[in-house]
Amino acid sequence: MPNKEETSSDKKLDSKEIMDRIAEASRQVVSGVEDEEVENWVTIYIMGRAYEVPADLTILTAMEYAGYKFVRGVGCRQGFCGACSTVYRKKGEYKLQTGMACQTRVEDEMYLVQIPFVPAEKPSYDLTEHEYDVNVLFEYYPELARCVSCNTCTKACPQDLEVMDYVQAAIKGDFKGLAEESFDCIQCGLCAIRCPSEIVQYNIAQLGRRLYGRYDSPEPEHLKKRLEEIEEGKFDKEMKEITKLSREELERMYAERKREED
Ligand code: FES
């Protein structure tokens, strides 16, 4: 009589077998092609384990191809949300590099580690309780004064922002410069984890932009006009109809929406 343990469909799998099964199931979905059609392969190391993956995948898709399922550390997949920070090193190199997993292509002999988020200091504040003054930045982030202008933050930025320049603008109280130079920041935190002076550049910039937006940026005419229209009830009927739609209808409506011309 066959052993019940051997024939049971719910035989206990070890974690490696589970990973291999998930990887097998997700391969074609992730890469978009059958394995037989892939011409170039590279070897990457995820948490120390080697995987063969198609050469043209991003780090994010390569990890999914290998069987990893992201529950944190991923968001937009387009380089905008800053959720997918990654640290890697290439074989034979000393330097640890950083990047966004959804934007960085895998390379042969890459050693990878994902960062679920950067646990940097982020104090709470109430903008209405503060003056529009550079001292507010130093009050919440006194380490700002420690900047040694080494430019490491700029080199770490996956958005190619001039991070050191906006830090200098912050030190001088140039809120407009700080807000404009940091405008495209995606809050990934990679600048802060490389900073030898332990400055949290991206959170300082966020506070600076908020202060500038509240106290100094010009009032946008189009926003003023739209707020007036809302108050006059211009969109009330449309809103009523939209709130009655199902999720599917809303999704279809969003996909088919008329886009503003540039
Ligand atoms: S997933 Fe949003 S930036 Fe990579």
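A few points about this structure:
- Per the listing V118, V136, the residue uniquely in contact with a Leu (Cβ under 8 Å, 6 or more places away or on another chain) and under 30 Å from A66 (Cα atoms) is V118.
- Qualifying residue in the stretch 66-77 (condition: among the basic types (K, R) and in contact (Cβ under 8 Å) with a residue 40 or more places away in the chain): yes
- Residues in the stretch 73-101 that are of a type in the set (D, E, K, R) and part of a loop (DSSP other than H, G, I, E, B) were compared, and the one that is nearest to the ligand (Cβ to nearest atom) is R77.
- Complete set of residues in the stretch 163-204 that are of a type in the set (D, E, K, R) and more than 30 Å from Q114 (Cα to Cα): K172, D174, K176
- Qualifying residue in the stretch 201-214 (condition: in contact with a Phe, Trp or Tyr (Cβ under 8 Å, 6 or more places away or on another chain), on the phi > 0 side of the Ramachandran plot and of a type in the set (S, T, N, Q)): no
- F70 meets all of the listed conditions (1) among the aromatic types (F, W, Y); (2) away from the ligand (no atom under 16 Å from the Cβ); (3) over 16 Å from Y111 (Cα atoms) but one, namely (2).
- Top-ranked residue of the stretch 103-123 - restricted to ones that are farther than 19 Å from K155 by Cβ, part of a loop (DSSP other than H, G, I, E, B) and modelled with pLDDT of 95 or more, ranked as nearest to the ligand (Cβ to nearest atom): V106
- Residues located in the stretch 173-217, provided they are polar (S, T, N, Q) and part of a helix (DSSP H, G or I): Q201, N203, Q206
- Filter result for E143 (assigned by TED's automatic domain parsing to the domain that holds W41, at pLDDT 95 or above and either part of a loop (DSSP other than H, G, I, E, B) or not hydrophobic (A, V, I, L, M, F, W, C) (or both)): no
Each row is one residue, and each column tells you yes or no for (1) assigned by TED's automatic domain parsing to the domain that holds S197; (2) part of a loop (DSSP other than H, G, I, E, B); (3) in contact with a helix residue (DSSP H, G or I) (Cβ under 7 Å, 6 or more places away or on another chain).
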{"residue": "Y132", "(1), (2), (3)": "yes, yes, yes"}
{"residue": "E139", "(1), (2), (3)": "yes, no, no"}
{"residue": "V148", "(1), (2), (3)": "yes, yes, no"}
{"residue": "C153", "(1), (2), (3)": "yes, no, yes"}
{"residue": "Q159", "(1), (2), (3)": "yes, yes, no"}
{"residue": "D165", "(1), (2), (3)": "yes, no, yes"}
{"residue": "Q168", "(1), (2), (3)": "yes, no, no"}
{"residue": "I171", "(1), (2), (3)": "yes, no, yes"}
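- Residue among V87, V106, V71 that alone is surrounded by fewer than 13 Cβ atoms within 10 Å (Cβ to Cβ), at negative phi and hydrophobic (A, V, I, L, M, F, W, C): V71
- Contact map, the stretch 235-262: first residue surrounded by 10 or more Cβ atoms within 10 Å (Cβ to Cβ), second residue not hydrophobic (A, V, I, L, M, F, W, C), Cβ cut-off under 8 Å, separation 6 or more or different chains; pairs are F235/E229.
- Among the conditions (1) modelled with pLDDT of 90 or more; (2) more than 11 Å from the ligand (Cβ to nearest atom); (3) among the hydroxyl-bearing types (S, T, Y), S31 misses just one, which is (1).
The values are calculated or read from the model by the stated rules, or taken from the named source; none is laboratory data. Just so we're clear, the structure is a prediction, and the values are computed from it rather than from any experiment. Note: ideal-geometry Cβ built from the backbone for every residue, glycine included; neighbour counts use all protein chains shown.
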